Structure formats: C-alpha cells, structure tokens
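Visitor: Here you go, one structure.
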Amino acid sequence: MEKVDVPHRKTFIAHGRFAMREIRLRVARAGEHGTQVITFEHLAARLAGGFAKPVDPDTLRSTIQQVLPGTALGELDSIKLLPGMLDAAADTLQKAWLAGIDLPSRAADHPRLQSIARLEEAVLAQLPRCMMRPADLVAAAVPRMRHAATLFGSIDV
C-alpha cells in the first residue's frame, strides 16, 4: 500500500468577516492547502467536539424575539416591547457573555442585572442544545486541548 502524504494543517484565527475574507484570499492565492480560517469561538467549538457551536447573532435575536414578550424583566418590563429593545438585548447578552460575566450570580447587585439575568435564563432555555455561550464552549474545550495539534496544526492569530 502506497503512503499518501497529507499536507500540514494550518489554522488562522481571524476576528471579523473582513479579516477572514482577506486571509482566505491570501491563502487561496498562495495555494496553501490544508489551511483553515476560523474565529476563536469556532476554534473552541471544534475543540469541544460533538455538534457544539457558538450562539450566532441571528439565532440569538430570533430567540430573544420569541421569549421577550413572555419574560418578566422587572424594571425593563415597560420598555421590552419598544423598537430597539431586541437589538439592545442581543448586544447586551453578547457583551456580557464575551466579558465572562456570570449574570445569575450578579443579579442581586442591581435590578437591571436581575432583569438581564432573567432574559438570559429564558434565552438559554430556548436555544438549541448545540449552541453554547463562549464560556461554556471554553469549559467544554479545555479538557480536550490534547487534540488541538491534530485538529488545527499550527495556529496563527
């Protein structure tokens, strides 16, 4: 049986669509086969394994739109059906998740945090099981770090 030479894997981590497109174009022009361009969230999701994936903005927005009318938000109840609330809620949850803020444990600090924690609870209950917050992806990925070299090869940020 003839041994097939597998190209070396290489992974680029990019932040944002424009950076991903630019790197993909450069890699394609250079003919660098075996190269992948992904975000930090997708790197963690791949390492976490299974069907794990980060919460994407469209799914987050549609889930918030679904749960917002029926969720008691305390001090935010009076504005939850106003235009712009959907975008503000999605941005707030994304920023809290990226900052690693544990909303339920901080809920007692301020009524607004309690409102956001209630919204997060309702959203998490409705999200598809495969979708995970950044902190949850990292928690699932860290025990599988030994597979990183096989999955990604060399990693450039």
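Every read-out reported here was derived from the displayed coordinates using simple, explicitly stated rules and does not represent laboratory data. Keep in mind that this is a model prediction, so the values were computed, not measured. Backbone-built Cβ (ideal geometry, glycine too); neighbour counts: all protein chains shown.
Visitor: Check ALA45 against each of (1) small (Gly, Ala, Ser); (2) touching a strand residue (DSSP E or B) at 6+ places or on another chain (Cβ under 6 Å); (3) surrounded by fewer than 18 Cβ atoms within 10 Å (Cβ to Cβ) and name the one condition it does not meet.
Guide: Against the list (1) small (Gly, Ala, Ser); (2) touching a strand residue (DSSP E or B) at 6+ places or on another chain (Cβ under 6 Å); (3) surrounded by fewer than 18 Cβ atoms within 10 Å (Cβ to Cβ), ALA45 comes up short only on (3).
Visitor: Only one of GLU22, GLU32 is in a loop (DSSP other than H, G, I, E, B), more than 26 Å from GLU121 (Cβ to Cβ) and without any contact (Cβ under 8 Å) to a residue 40 or more places away in the chain; which?
Guide: So the residue among GLU22, GLU32 that is in a loop (DSSP other than H, G, I, E, B), more than 26 Å from GLU121 (Cβ to Cβ) and without any contact (Cβ under 8 Å) to a residue 40 or more places away in the chain is GLU32.
Visitor: Let me ask you something else. Just the residues that are in contact (Cβ under 8 Å) with a residue 12 or more places away in the chain, within 21 Å of the chain's Cα centre (by Cα) and either surrounded by fewer than 17 Cβ atoms within 10 Å (Cβ to Cβ) or part of a loop (DSSP other than H, G, I, E, B) (or both), please, taken from region 7-19.
Guide: If the condition is that a residue be in contact (Cβ under 8 Å) with a residue 12 or more places away in the chain, within 21 Å of the chain's Cα centre (by Cα) and either surrounded by fewer than 17 Cβ atoms within 10 Å (Cβ to Cβ) or part of a loop (DSSP other than H, G, I, E, B) (or both), then ALA14, HIS15 are the ones that fit.
Visitor: Right, here's the next one. With in a loop (DSSP other than H, G, I, E, B) and over 13 Å from the mean Cα position of the chain (by Cα) as the only criterion, which of ILE101, ILE116 stands out?
Guide: Only one candidate passes the filter, namely ILE101.
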